[in-house]
Amino acid sequence: MILLDYLINLSMFSLMVSTPLIIRSYLNLKPLKHLWIWTGLYAGGVSSVLVSLSFQDQGYTYDIRYAVIILVFAYLGPGAGMITGSIALLSRLMVSDNWFPAIIGWLVVMTVLVVIQKFTVHFQPVKRYLILLGSYVVTYIITVPIVLNVIRDNPVFHLQYLLFISIGVFLGGIMIESYEKLYRIIKERKRMEQTLDESESKYRLIAENTSDLIMVMDKEHAVSYLSPSHEVVLGYSVLELEKIDLCKLIHPDDVVYFRETISEIAKSKESKPVEFRFQHLTGKWIEFESRWMPVMNDDQLIEHIVIISRDISERKKAEEILLQSEKLSIVGELAAGVAHEIRNPLTTIKGFVQLYGKENESNEIHELLLSELERIETITSEMLSLGKPQAIQLNRANLCDLMDHTVEFLSPQANMKNIQFSRSYLGTDFFIVCEKNQIKQLFLNVFKNAMEAMPKGGNIDIKLKKGIDGECIISIQDEGCGIPEELLPRLGEPFYTLKEKGTGLGLMICHKIIKQHNGTISYHSKLNNGTLVEIKLPLAN
Ligand code: ADP
Ligand code: MG
């Protein structure tokens, strides 16, 4: 049953070659120090087992220990090869008395293997073991049948033996190569998984720590990812947002445009910027600028859409202010033109009034007319100053006088509208350093607003008192329609008006005048409950 012996030998051999390889592919062990010694010893053990499994045929006792030795030379180098070879020889000598041919054969083969190994160091392992096997076969043929002259009746035996060894080498070589390949694949996959993990955590870090909103949609427009920044910017939790139909939170005026842009992107497959308003949890509208980027698969079909949005409310506001100030500078220019046109006829009128005054000295009307004409002149120059800053001429003046003048000036108009002024001054000297006409203008604007707020008439209550920080507090309380609380912060913005024929410049001019006089203005009001305007101006010491 020689075939059975072959099979047992080869199976045993395969098992012992594959065991360490399998262990290595499962366990990520550190490479051993002096690996060649340990592997040489292990391979020596394997060859001893194979020697113990040797069998008899045609008067010879033989085994496949040389297959192990050739592979060790090819894969682990001459050091390990010598260790394996020596153990194999010892085992061989222990089981057989025929020492002479075994030792001679061993010496010759080992010398050849060491020499050939040296010459094939830079070859690939497969090529190396094939060359080593070839050299072994040639050495065997030269040494055993020719030099030792051990040709028996049947030379087929030698062929059979060499075939046996070759099969062993091939089998071992294929196993080693396959496991190597497997090991490399596993290692590569582990490396790729690690790189993937690293890059994913890197992108996650970016996505989760940006103030921009990052959203990923699949081809059916279902949301597959929302960055946590959505929670901060929109107020909703990511879980809530995933459940809501996002179109419902888009401003009704923007929905159509929004949908059109999406279908355009789906058609053209090109990235596009979209601007829209989205409702915050608290109800306020936030303006967004977003870029939609379709991500294509290999068949050029949209697989995902990546949407990156940014809150541009602040920017929009700044743009609006810029626009307003541009408008304002145009108005300034216009005002300059109008002022110029008004001044010429005004000079003529003034001249005639002065002439009239000289002729009718007893009549005091001309003085009043003259002072009012001067005011018109000043207002026109104030209009001029809207666009450009102007140096002002400061004088000491009593606020009581300025207030009285303004009230008197407005009295005829107020009477007609059934409006009364009531004044209470807590003190008499409220001197400030100011540009008188500007302060009158300030009061005039505030009174005009108060009067316009009381179409059915009423009382305007004026108070003057000293504050604790050496300032004068001027309170003007009306009984008008009042101002909704949420609109109070907007007062003083250029062109902000709720009146049909308003200009929205009155309070803006007031704010400018107060700023020039280092004062402050504040409003207290409730709808339908009258308005209290409080102006604080520093008193002159
Ligand atoms: P305009 O009077 O031309 O509208 P203003 O700058 O003077 O512009 O005033 C801006 C807006 O502030 C007004 O349109 C009005 O709605 C509101 N406002 C100002 N003062 C009062 C007030 N005393 N009572 C009610 N509303 C006021
Ligand atoms: Mg006004």
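The values are calculated or read from the model by the stated rules, or taken from the named source; none is laboratory data. Predicted, not measured: the structure shown is a model, and the values here were computed from it. Positions of Cβ are generated from backbone atoms using ideal geometry, with glycine treated the same way; all protein chains shown enter the neighbour counts. SASA here: full protein model, heavy atoms, side chains in, ligands and nucleic acids out. Shrake-Rupley method; radii C 1.70, N 1.55, O 1.52, S 1.80 Å.
Looking at Arg191, is it surrounded by 11 or more Cβ atoms within 10 Å (Cβ to Cβ) and either over 17 Å from Glu242 (Cα atoms) or modelled with pLDDT of 90 or more (or both)?
The answer is no for Arg191.
All but one of (1) modelled with pLDDT of 90 or more; (2) surrounded by 15 or more Cβ atoms within 10 Å (Cβ to Cβ); (3) aliphatic (A, V, I, L, M) hold for Leu281; state the number of the condition that does not hold.
For Leu281, the exception is condition (2).
Answer yes or no as to whether Met508 is under 51 Å from the mean Cα position of the chain (by Cα) and over 20 Å from Val433 (Cα atoms).
When the stated conditions are applied, Met508 passes them.
Give me a count of the residues in the stretch 517-541 that are assigned to a loop (DSSP other than H, G, I, E, B), within 11 Å of ligand 1 (Cβ to nearest atom) and open to solvent by less than 40 Å² (accessible area, probe 1.4 Å).
Final tally of qualifying residues: 1.
Mind checking whether some residue in the stretch 258-274 is of a type in the set (Phe, Trp, Tyr) and either touching a residue at least 24 places away in the same chain (Cβ under 8 Å) or open to solvent by 80 Å² or more (accessible area, probe 1.4 Å) (or both)?
Within the stretch 258-274, not a single residue is of a type in the set (Phe, Trp, Tyr) and either touching a residue at least 24 places away in the same chain (Cβ under 8 Å) or open to solvent by 80 Å² or more (accessible area, probe 1.4 Å) (or both).
Could you pull out the residue among Phe123, Phe100, Phe157 that is in a loop (DSSP other than H, G, I, E, B) and among the aromatic types (Phe, Trp, Tyr)?
That would be Phe123, the only listed residue that is in a loop (DSSP other than H, G, I, E, B) and among the aromatic types (Phe, Trp, Tyr).
Could you check, for the stretch 503-516, whether at least one of its residues is more than 7 Å from ligand 1 (Cβ to nearest atom) and more than 23 Å from Leu399 (Cα to Cα)?
Checked the stretch 503-516: no residue is more than 7 Å from ligand 1 (Cβ to nearest atom) and more than 23 Å from Leu399 (Cα to Cα).
From the set of residues in the stretch 492-522 that are within 16 Å of ligand 2 (Cβ to nearest atom) and touching a strand residue (DSSP E or B) at 6+ places or on another chain (Cβ under 6 Å), which is modelled with the highest pLDDT?
Initial filter on the stretch 492-522 (within 16 Å of ligand 2 (Cβ to nearest atom)): 492-514, 521.
Next, only the ones that are touching a strand residue (DSSP E or B) at 6+ places or on another chain (Cβ under 6 Å) stay: 514, 521.
Details: Ile514: 92, Ile521: 95.
Only one residue tops the list, namely Ile521.
What's the total number of residues in the stretch 219-250 that are loosely packed, with under 15 Cβ neighbours inside 10 Å and in a helix (DSSP H, G or I)?
6
List the residue pairs whose Cβ atoms are under 7 Å apart, where the first residue sits in the stretch 199-224 and is within 21 Å of Leu301 (Cα to Cα), the second is surrounded by 14 or more Cβ atoms within 10 Å (Cβ to Cβ) and of a type in the set (Val, Ile, Thr), and the two are 6 or more positions apart or on different chains.
Partner pairs satisfying both residue conditions: Met215/Val223; Met215/Ile307; Val216/Val306; Met217/Val223; Met217/Ile305; Met217/Ile307; Lys219/Ile302; Ser224/Val216.
Hey, does the stretch 291-299 have a residue that's of a type in the set (S, T, N, Q) and under 16 Å from His230 (Cα atoms)?
No; the residues of the stretch 291-299 include none that is of a type in the set (S, T, N, Q) and under 16 Å from His230 (Cα atoms).
So which residues in the stretch 447-495 are near ligand 1 (Cβ under 7 Å from one of its atoms), open to solvent by 40 Å² or more (accessible area, probe 1.4 Å) and assigned to a loop (DSSP other than H, G, I, E, B), if there are any at all?
Across the stretch 447-495, the qualifying residue is only Cys481.
Yes/no per residue for (1) under 29 Å from Glu208 (Cβ atoms); (2) more than 60 Å from the chain's Cα centre (by Cα); (3) open to solvent by 60 Å² or more (accessible area, probe 1.4 Å):
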residue	(1), (2), (3)
Ile307	yes, no, no
Gly337	no, no, no
Asn344	no, yes, yes
Leu355	no, yes, yes
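If the Cβ limit is 7 Å and pairs must be 6+ apart or interchain, which residue in the stretch 20-40 that is in the same structural domain as Leu182 (by TED's automatic domain parsing) pairs with which residue that is polar (S, T, N, Q)?
Gly40/Thr84
Any idea which of Asp253, Asp245 is more than 19 Å from Ser227 (Cα to Cα) and more than 23 Å from the chain's Cα centre (by Cα)?
Every option except Asp253 fails the conditions.
Name every residue in the stretch 216-236 that is over 17 Å from the mean Cα position of the chain (by Cα) and at pLDDT 90 or above, in order of residue number.
Across the stretch 216-236, the qualifying residues are Gly235, Tyr236.
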